[in-house]
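Below: one structure, written as structure tokens.
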Amino acid sequence: MNLLKASSSLRALTFRISRAALGAIPGPRILAFGPGKDRIESIVVINLDRQPNRWRRVCRELGRFRTHNGASLTSIAHRLAAIDARDGRAVAATADVDTTYRMGAQLFVQPDARLQECFGLDEPIRMTRQEVAVARSHIEAWKAIANGSDGHVLVLEDDIWFRRGAATAIDRGWRAALERCGKDHGPPLLYLSYRDAGGTAERIDECEALFRPVRGLWFLSGYVLSPDGAAALLRSMPVVGPADLWINHRLSELGALALASPAILQREDGPSDNSYSVLPYLARAGIVDSGSGAMRPDQAPSGQVLAWSSGGQQESLAMALSMLGLRVRAFDGDEKPIDAKQLSALGGIFDALVDAPLTPEALSAAIKQSGTKFIVEPNAAFRTALELKRPSRLTVLNERQDGRTWAQLCAPLGLTEPVHAFPIGTPRTWRMFRDDRSDGSPTAIARTFTEVSLLDDSPWVLPAQAIWERGRVSNRHMSSPGTTVLAAGMDSPSPWLKTLVETFPGNLASFATVGLRHGPDGVQLTLSKAIDGVRPFQSGAFASTRPFGHGRFEAEIKAAPGSGLVTGFFLHRESPRQEIDVELSGNDPQRMLVNVYFNPGDEGSAMGFGYRGSPCRIELGFDATEDFHTYAIEWRPNTIIWSVDGHVVHERVSWDPTPVPHLPMHRHGNLWVPRSEELAGPLDEAFLPATAHFRNASVCM
């Protein structure tokens, strides 16, 4: 049982019960609301078309209160259809929103020395689709207010509630705002809801009821805006970055005000599907620690999915099904035909089969299964047969148009549409999602429960019953490398490699410039106790300045000795998260740990599930901490090969037990301390300071 999840669910239930009880008690009048130029004349609620329950819930909340003349607040409330992040056209490039902002804009709102040290003011950050949708939704509200006849309008998001004493706080703040701004004009912008940015909000002209914010307010879930204020915001566009961040840069010119404390809060009983662009940077700086990481999507279709593509050069359909959280196996089409018994066995492992070469009997058996879903692209194989035999359970995907491809695919499967763009997919020649294990079947002996439990429970890792050929070893030599595109002795700084100043969740050490030194033996990474800082230890790390696609990645490494220490050499990327690892733990220097993390999607898809990956320990035959040895990762479209001193020690193919990562990655080296003792045991501080050495790094394509 997940105790954190249970605790969160209990809090949500308690909150929901308390709100239901309060909903039965009529609220007071809020004199600030109602007709008249010196009042808040209307309310706009931003609400997605696909979330009508939220609109009804907000109406119940507003219905508790009355205007100054006794009418329900719902009588002056209007719904504004929110921009949906799932609609690719709605979040496409537009003159209203600049989707790339700088770290300096974030630091203006909430200064943090750790964040600035890691990235600097000019670090570019790209907004998520959800942030773009939120910004565009608020812009539509501003346009309506600027062109409307109401003197002041309260803009609400649909996940709010009025805290105890809200009516008094709003009335007191509204009177104070009118006194400051004059009854004829009123405040151009008044925050009724906000969150102080880590207690750093800069306030001036404070009184008991309100203050004038200079910077430092997060959220735009409840604010009063005048037509003049809305027009000023529209003149200042484009919105650069998340809307609540950008508006902090406009506070002074607007003459904005805020209640002394927020009267409207965000609800605690509903999950948010928002995604925040700055969160990965906060994690890398050690400001937040997401602990064990995100887990698999909480959805799965009922019944097997059989899909056939049109056979194009890019395999879009298989990638899309994988992004929906299905375990997908794709076929080339020239395999031995699959009979009914084999199809049934495959259904116990894979949720979806794409381009499966079924025998007529297997197809007939699948049609008889009431839960089986059939998806075909135009000109796909089996389409005619399926249309004749079972048209009611067949979905034909139309040519991509109107940005509704996700809707066509998700509706028949009963799955929620993701916010990511529909994928282009990988080239068919890469053979993504093929099952390239021996005969596509289990070949290894049974593993213990402990070994099985080390795997992520994920749609992108084979389940425990589909045991993979773990620890496959070959005595052959590595093949000759291709063209060398990077070579660095590492005894001096290189333009190909950069020193990292950051950390990551689960790491007890922060990486700093003092933890990395160049010398005759290459780069020396030193891990020691931190005098002060985000984490109790400090160390060193480096990465390539650019990402690389398929190739061979080598380095000579002398690992750090000591329990609790890990020397890492790996390829890594985010959005989606993918990784290929070599890790040398100081408590077990006779073996190395290899690992693969896979998430599906095209470049930019915010898929980052899993935290264990698919680890496997390999016997080295020597102590990795005593001398330098050459470690290499050979990464190809459908194969990953690990070698040590030129000898292949481990090899994986597609679905062995994960698909092979397919997007460019940066190469990394580091020395770190896992928070969990599973990987390298408890830290033995007697070994500190500890050092790891890297030299003669190369990349061959």
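Length gained on full extension, residue 335 to residue 361, computed as 0.36 nm times the residue gap minus the Cα-Cα distance: 7.7 nm. Take the Cβ-Cβ distance between residue 72 and residue 514 as r, set R0 to 45 Å, and report the resulting FRET efficiency rounded to the nearest 0.05. Working from the Cβ atoms, E equals 0.10. Spatial offset of the stretch 304-348 relative to the stretch 136-153 amounts to 49 Å, using the alpha carbon center of each. When you count the other C-beta atoms within 10 angstrom of each residue and take the mean per peptide, 497-510, 43-56 line up highest first as 497-510, 43-56. Based on C-alpha pairs under 8 angstrom that are at least 6 apart in sequence, the stretch 87-284 has a relative contact order of 32 percent.
Below 8 Å, C-alpha to C-alpha, sequence gap of six or more: please give me the relative contact order for the chain in percent.
Once normalised by length, the contact order is 12 percent.
Between residue 77 and 43, the built amide H atoms are under 5 Å apart, and every one of these is 5 or more places off in sequence or on another chain.
A Förster radius of 56 Å combined with the Cβ-Cβ distance from residue 302 to residue 207 puts the calculated FRET efficiency at roughly 0.40.
Electrostatic bookkeeping for residue 37 treats Lys and Arg as +1 and Asp and Glu as -1; over the other residues with beta carbon under 14 Å from its beta carbon, the sum is -3.
Post the alpha-carbon centroid distance, the stretch 184-214 to the stretch 621-665, in whole angstrom. So the two Cα centres are separated by 56 Å.
Taking the inverse of the mean 1/r over every pair of distinct Cα atoms in the stretch 305-434 gives a Kirkwood hydrodynamic radius of 14.8 Å. With both residues required to sit in the chain, DSSP beta bridges show an antiparallel share near 75%. At full extension, residue 168 and residue 588 could sit 144.8 nm farther apart than now, given 0.36 nm per residue minus the alpha carbon distance. Here each label is just a point 7 Å from Cα along the line to Cβ, and for residue 701 and residue 234 those points are 4.8 nm apart.
The simple spin-label model puts a point 7 Å past each Cα toward its Cβ; for residue 96 and residue 260 those points are separated by 3.7 nm.
Computed over the stretch 656-701, the alpha-carbon pair-distance distribution with 10 angstrom bins reads 16, 32, 34, 17, 0, each value a whole percent.
The packing ranking, built from the mean of other Cβ atoms within 10 Å per residue, places the peptides 115-127, 594-606, 160-172 in the order 594-606, 160-172, 115-127, highest first.
Exposure proxy for 665, 478: other Cβ atoms within 10 Å of each Cβ, ordered fewest to most, give 478, 665. Between residue 160 and 267, the built amide H atoms are under 5 Å apart, and every one of these is 5 or more places off in sequence or on another chain. Using every Cα-Cα pair within the stretch 449-700, state what percent have a distance larger than 33 Å. Of all Cα-Cα distances in the stretch 449-700, 12 percent exceed 33 Å. Of [x] 86, 72, 44; [y] 168, 82, 60; [z] 187, 59, 46, which one was derived for Cα extents along the principal axes in Å from the structure shown? Read-out taken from this structure: [x]. Annotation: peptides 420-427, 74-81, 551-558, 406-413, ranked by per-residue average of other Cβ atoms within 10 Å with the highest first, follow the order 551-558, 420-427, 406-413, 74-81. Full extension of the chain between residue 677 and residue 116 yields a length gain of 198.9 nm, computed as 0.36 nm times the residue separation minus the alpha carbon distance. The DSSP beta bridges internal to the stretch 305-434 are antiparallel in roughly 10% of cases.
Label-to-label distance for residue 619 and residue 396 is 5.9 nm, based on points extended 7 Å past Cα in the beta-carbon direction. Given R0 = 45 Å, the distance between the Cβ atoms of residue 438 and residue 532 translates into a calculated FRET efficiency of 0.25. Mean residue ellipticity at 222 nm, helices only, the chain: -6000 deg cm²/dmol; runs of at least 4 DSSP H residues each add -39,500 (n - 2.57), and the sum is divided by the number of residues.
Laboratory data are not the source of any read-out in this text; all were calculated from the coordinates shown. Computed from a predicted model, the values in this text were never measured in an experiment. All Cβ positions, even for glycine, are placed from backbone atoms using ideal geometry, and neighbour counts span all protein chains on display.
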